[in-house]
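Here's the structure, in structure tokens; my notes come after.
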Amino acid sequence: MIEAFLDLDTSAKLMLTSRNNIILFDTLEYDNQFLNKLYKILSEMAVDSVLVVTHAIYDKKPYNNVYHTETYQIGDSIYTGVLSQLDINKLMCVFNAVKISNIRFCDKMVMYDYFLKNGQCLVDSTSNTNIIVGKNDLGISSVTYVKTNSLEQSLLQICRKHAIYDTVNFNTFIDYDCVKWFENFVKVQELTVFVTLTVFGFFKFINTDSRVDINQVKFNSKLETVSYSTHTENTDKVLRGPAIQENSAKVSKAPIKEKSKKAAIPIKIKSKSHRSIPSALINLALILSIFSLILTFIADYYFTNKAKYPESLLNQNNSIINHVTLRLDKLEEAPVQNSSVIVIDLMSKCPVDVNIGSITISDNIEVVYYVAETGNIETVKGALSDFYKINGISESGIVTLNEIIYTKYTVSLSTK
Amino acid sequence: MRIKTVLLIGVLIFIVAYGWRLYPEAYASYQHNKDCEKASADSSTQLVELQKDLDEALVTYSEKYNCPRKGAYYDFCNQFTESGFTISKITAKKLTGSTSTTIASYDTIDDTHSITDADLLEIIFITEDNEILLNYLNSGNFAIDKIVVYPTDNAVIVTFVVGGEI
């Protein structure tokens, strides 16, 4: 898989990578052979994907025959990034001719917006123009294009106007969260240079001995002839200028950041490989103790819930035994017989002013009598006592039948 | 590092405290379960014996008395309707518990799955003369568990003991 990164800056910078290795870096001028050169390189190297970094012009005015990249509200105005439709179409023709399936475009302003934090101001330089981008809580607050000779003054004005105290030099800025490291050290004259590439194809070069700030490294197509140039003096001067310090502006210098970050990398690796033994032991003990804790919870759950199964089985067996025993007892009992005789007899012995509500015959006899106000339960007792043994009489409320009030008595009997 | 150490000590203290509480409970639970398992095995043996006795008793009872039997509930109820008695309601009951099942019509009584393990069958008769029904019940050698007669309402509730399966 060969990936191409094309930065459409003042001159087009093309880099090809394969399996985290830079295999080609070239700077192409926008002359009448530009598209031919691009086609030749891309087709010869059989490029699979390409990421184009565009530098759109942001303006409030509408234009015809342009592609829009991104829209930002700056103050009360809406700025839209525009790219020449003709130029992009030509590029697309080249990519289509090479049959590149994966083509992505990314505008530089999107990268600024992505990397820039709130309250920061960014300076990025091309050959003769500098762009200053400020950002506040609402997003990008200002975009200013200035020439190099007026950069310092413009930067100060913007910082004062937008209360920005932190400035980032994007020429040497590397966001280490987004850096993709390419494992090829190259020898640039007497220096060893480590080449890095951000995820957007924004490539940087780091000097491994931390003594020289490298702005650009030039390769040939075979990575043989190399030269380098140090940091742009103008930008460096601005970032170290006393004027900003007078206004209490906090200046973060990207080269310093690079050095500190670069130095941190081997230290980080070292600390990982020499992790202290007590720390490892504590980690192990912590894992074991958490594992024990989980086991304890499981055991508790088992003893409080699952282990009750034998008890529930015993209860279930006892319940069935109880039922079967009752059933056997019932089968051993003699069924109710001569019920008609008993009913007729009880009906015949019922005194006047007394009604029978119900007669229940099972093991014993229970008769519900309704005794009117004119009657007396004693007469019932008298009528029954010669033939039945009265086990008990209980009064169980009042009932009204045909507008006559009766007192309800339940009499429990057994035959003599 | 310091946080991890504090966390480790906290977890260890919790485990010890939790285990201190859990151990006696776990041992008591283990002993209790062991007793339950033994008692359960004994009761299972007893249950098998009792079930055998019950099956035999049901066969004898069914031969001796006219009782409703599993698979022949319809025939049992039909003998009353053929003799001119009106069945108002049929309810299947168990000896233990208060569960009872009301059967909508005796025509489909044998298909009612829920009464296959009924112990008692309660039938409410509506009669013009209670005495005729009572005489019929006396003469039929029925396995009656209980009779409730309502003289003023001409209604009789008869509870029959359910016999063995056909």
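The values are calculated or read from the model by the stated rules, or taken from the named source; none is laboratory data. All values reported here derive from a predicted model rather than from experimental measurement. Cβ atoms come from the backbone with ideal geometry, glycine included; neighbour counts cover every protein chain shown.
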Failed condition for residue A:119, given (1) in contact with a strand residue (DSSP E or B) (Cβ under 8 Å, 6 or more places away or on another chain); (2) on the phi < 0 side of the Ramachandran plot: (2)
Per-region count, the stretch A:114-156, residues among the acidic types (Asp, Glu) and part of a loop (DSSP other than H, G, I, E, B): 1
Going through the stretch B:10-42 one residue at a time, which ones are buried (at least 16 other Cβ atoms within 10 Å of the Cβ) and either outside any helix (DSSP H, G or I) or β-branched (Val, Ile, Thr) (or both)? B:11, B:15
Top-ranked residue in the stretch A:333-344 [being crowded, with 19+ Cβ neighbours inside 10 Å, hydrophobic (A, V, I, L, M, F, W, C) and within 7 Å of another protein chain (Cβ to nearest Cβ); ranked as farthest from the chain's Cα centre (by Cα)]: A:343
Quick check on my filter: what residues within the stretch A:19-56 are modelled with pLDDT under 85, more than 29 Å from residue A:113 (Cβ to Cβ) and surrounded by 15 or more Cβ atoms within 10 Å (Cβ to Cβ)? A:23, A:24
What pairs can you find where one residue is in the stretch A:32-51 and farther than 18 Å from residue A:11 by Cβ and β-branched (Val, Ile, Thr), the other is surrounded by 12 or more Cβ atoms within 10 Å (Cβ to Cβ) and at pLDDT 90 or above, and their Cβ atoms are less than 6 Å apart, with a gap of 6+ or different chains? A:47/A:100
Filter the stretch A:306-324 down to the residues that are over 25 Å from residue B:163 (Cβ atoms) and more than 7 Å from chain B (Cβ to nearest Cβ) and list them by number. A:306, A:308, A:309, A:312, A:315, A:316
Taking first residues from the stretch B:1-27 that are under 10 Å from residue A:282 (Cα atoms) and second residues anywhere that are surrounded by 15 or more Cβ atoms within 10 Å (Cβ to Cβ) and not hydrophobic (A, V, I, L, M, F, W, C), the pairs with Cβ under 7 Å that are 6 or more apart or on different chains are B:8/A:289
If I go through the stretch A:284-301 residue by residue, how many of them are more than 9 Å from every other protein chain (Cβ to nearest Cβ) and of a type in the set (Ser, Thr, Tyr)? 1
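Condition check ((1) among the β-branched types (Val, Ile, Thr); (2) in a helix (DSSP H, G or I)) across all residues:
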{"position": "A:25", "(1), (2)": "no, no"}
{"position": "A:36", "(1), (2)": "no, yes"}
{"position": "A:46", "(1), (2)": "no, no"}
{"position": "A:69", "(1), (2)": "yes, no"}
{"position": "A:72", "(1), (2)": "no, no"}
{"position": "A:79", "(1), (2)": "no, no"}
{"position": "A:82", "(1), (2)": "yes, no"}
{"position": "A:97", "(1), (2)": "no, yes"}
{"position": "A:110", "(1), (2)": "yes, yes"}
Within the stretch B:123-166, how many residues are in contact (Cβ under 8 Å) with a residue 12 or more places away in the chain, within 12 Å of chain A (Cβ to nearest Cβ) and acidic (Asp, Glu)? 2
How many residues are charged (D, E, K, R) and within 7 Å of another protein chain (Cβ to nearest Cβ) when one looks only at the stretch B:12-40? 2
I need a count of the residues in the stretch A:1-36 that are farther than 23 Å from residue A:107 by Cα and among the basic types (Lys, Arg). 1
Is it the case that some residue within the stretch B:53-69 is surrounded by 12 or more Cβ atoms within 10 Å (Cβ to Cβ), touching a Ser or Thr at 6+ places or on another chain (Cβ under 9 Å), under 30 Å from residue A:319 (Cα atoms) and in contact (Cβ under 8 Å) with a residue 12 or more places away in the chain? yes
Can you tell me which residue within the stretch B:50-59, out of those that are within 9 Å of chain A (Cβ to nearest Cβ) and among the hydrophobic types (A, V, I, L, M, F, W, C), is nearest to residue A:297 (Cα to Cα)? B:50
Scan of the stretch A:110-140 for residues that are more than 16 Å from residue A:57 (Cβ to Cβ), surrounded by 18 or more Cβ atoms within 10 Å (Cβ to Cβ) and modelled with pLDDT of 80 or more, ordered by number: A:116, A:120, A:121, A:122, A:123, A:134, A:135
Of all residues in the stretch A:27-80, count the ones that are touching a Ser or Thr at 6+ places or on another chain (Cβ under 8 Å) and of a type in the set (D, E, K, R). 5
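Residues are listed down the side, and each one gets a yes or a no for (1) surrounded by fewer than 16 Cβ atoms within 10 Å (Cβ to Cβ); (2) touching a residue at least 40 places away in the same chain (Cβ under 8 Å); (3) within 9 Å of another protein chain (Cβ to nearest Cβ):
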{"residue": "A:326", "(1), (2), (3)": "yes, no, yes"}
{"residue": "A:331", "(1), (2), (3)": "no, no, yes"}
{"residue": "A:351", "(1), (2), (3)": "no, no, no"}
{"residue": "A:355", "(1), (2), (3)": "no, yes, yes"}
{"residue": "A:360", "(1), (2), (3)": "no, no, yes"}
{"residue": "A:364", "(1), (2), (3)": "yes, yes, no"}
{"residue": "A:368", "(1), (2), (3)": "no, yes, no"}
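A quick yes/no check of all residues on (1) closer than 26 Å to residue A:337 by Cβ; (2) outside any helix (DSSP H, G or I); (3) among the basic types (Lys, Arg); (4) more than 11 Å from chain A (Cβ to nearest Cβ):
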position: B:44; (1), (2), (3), (4): no, no, no, no
position: B:48; (1), (2), (3), (4): no, no, no, no
position: B:61; (1), (2), (3), (4): yes, no, no, no
position: B:97; (1), (2), (3), (4): no, yes, no, no
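Let's see how each residue does on (1) at pLDDT below 85; (2) out of contact with any Phe, Trp or Tyr (no Cβ under 6 Å at 6 or more places or on another chain):
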site	(1), (2)
A:62	yes, yes
A:73	yes, yes
A:78	no, yes
A:84	no, yes
A:88	no, no
A:98	no, yes
A:108	yes, yes
Quick check: anything in the stretch B:105-112 away from every other protein chain (no Cβ under 12 Å), buried (at least 20 other Cβ atoms within 10 Å of the Cβ), touching a Cys at 6+ places or on another chain (Cβ under 9 Å) and modelled with pLDDT of 90 or more? no
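Rundown of residues vs (1) out of contact with any strand residue (DSSP E or B) (no Cβ under 8 Å at 6 or more places or on another chain); (2) at pLDDT 85 or above, yes/no style:
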site: B:30; (1), (2): yes, no
site: B:38; (1), (2): yes, yes
site: B:41; (1), (2): yes, yes
site: B:49; (1), (2): yes, yes
site: B:74; (1), (2): yes, yes
site: B:90; (1), (2): no, yes
site: B:94; (1), (2): no, yes
site: B:101; (1), (2): no, no
